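Remarks on the structure that follows.
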C-alpha cells in the first residue's frame with residue numbers, strides 16, 4: 001500500500017494539470033508550453049541526483065524522452081486546450097488496458113483476472129462519463145488524447161523494461177531533460193518567439209513543472225518498478241476521476257447522475273484489480289516452486305537464501 005499510495009500521486013497530479021493547462025496556459029503554444037513544463041523539471045531532478053547517463057542510457061534517455069515527454073506532452077497540451085477538463089482526462093483511462101497488453105508483449109507480464117476485470121469495469125465507468133450526449137466535442141482533441149494514451153503506455157513499459165538497476169530519480173531526470181531539449185528548438189522553429197506570460201501563467205508553469213512533472217513522474221516510475229504494470233495502470237484511473245471532479249467543482253462543468261455512476265465504476269475497477277489482491281497473487285507466484293527442469297535463481301535479493309536475513313525480508317536496497 002505504501003508504493004500504491006506513492007504511485008497514486010502521479011495520476012492525481014496529472015488530472016489536476018489538465019485543469020491548470022486549460023485555464024492558465026497559452027492555448028496557441030503547445031510546443032513552448034510542453035518545453036517549459038519538461039526542461040525545468042528535468043534540470044531540477046538532475047541537480048538532485050547529480051548523475052549523467054552512461055553507455056546505452058544516452059540513446060535510451062533520448063528515445064524515452066521523445067516518447068514519454070516530447071510527443072506525449074504536446075499531445076496532452078493540445079487535448080487539454082481542445083477539450084473540457086473532464087473529457088480530456090477521461091480518455092486517458094483507457095491506458096490500463098493498453099499498458100497490460102504492451103507489458104504482456106514487452107516484459108512478459110501476463111495480466112491477471114483481477115487486473116482485466118478491474119480494467120473492464122473501469123472502462124465501463126469511462127464510457128458512462130464520456131458518452132453523455134454532449135454536442136460539439138472536438139474530434140482532434142479526442143484523437144490527441146487517444147494518441148497521448150497510446151504513446152505514454154508504450155513509453156512507460158519501455159521504461160520498466162530498461163530501467164532495472166538504474167536509479168529512479170536519475171532515469172526520470174534524463175528523460176525529462178532529453179524531452180525538453182527536443183521540444184525547445186522545435187518550438188523556436190515552429191512557434192517563433194516565446195509567448196508573453198502573465199504572473200498566473202508563470203505560477204501555473206511552476207506547478208506543471210515541479211508537481212505535475214518532476215514529482216509525478218518520479219512517483220510513477222518508482223511504482224512501475226515495484227508494482228505489476230496492470231496494478232499501476234489501474235491506479236492511473238485516478239487521473240480521469242481527478243479531472244472530472246476538478247472540472248465539476250472548480251470549472252463548473254456539469255456532473256450528471258450518469259457521470260457519478262461512471263466515477264463509482266472507475267473507483268471499483270481500481271479496487272478490484274488493485275494492490276492487495278494482485279500483490280498477494282504476485283507473492284504466491286514468486287515463492288512457488290519452479291517448474292520441472294528449471295533451476296531456481298540464486299541472487300542476493302532472494303530472502304529465502306540469505307541465512308538469518310530470511311526472517312526479516314530482503315536487505316538489498318535500490319542504488320541511491
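Read-outs throughout are calculated quantities, based only on the coordinates presented, and are distinct from any laboratory measurement. Bear in mind the structure is a predicted one, so any value in this text is a computation, not a measurement. Counting neighbours? That spans all protein chains shown, and the Cβs are built from the backbone with ideal geometry, glycine included.
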Checklist entry - Under a point spin-label approximation (7 Å from Cα along Cα-to-Cβ), what is the residue 117-residue 23 distance to one decimal in nm? => result 3.9
Item to check | Taking 80, 61, 198 and counting other C-beta atoms within 10 Å, the order from fewest to most | outcome: 198, 61, 80
Checklist entry - Relative contact order for segment 2-280 using alpha-carbon pairs under 8 Å, separation at least 6, rounded to a whole percent? => result 43
Checklist entry - Let a ≥ b ≥ c be the square roots of the eigenvalues of the Cα gyration tensor of segment 2-280; is it rounded (a/c under 1.5), or, if not, prolate (a/b larger than b/c) or oblate? => result oblate
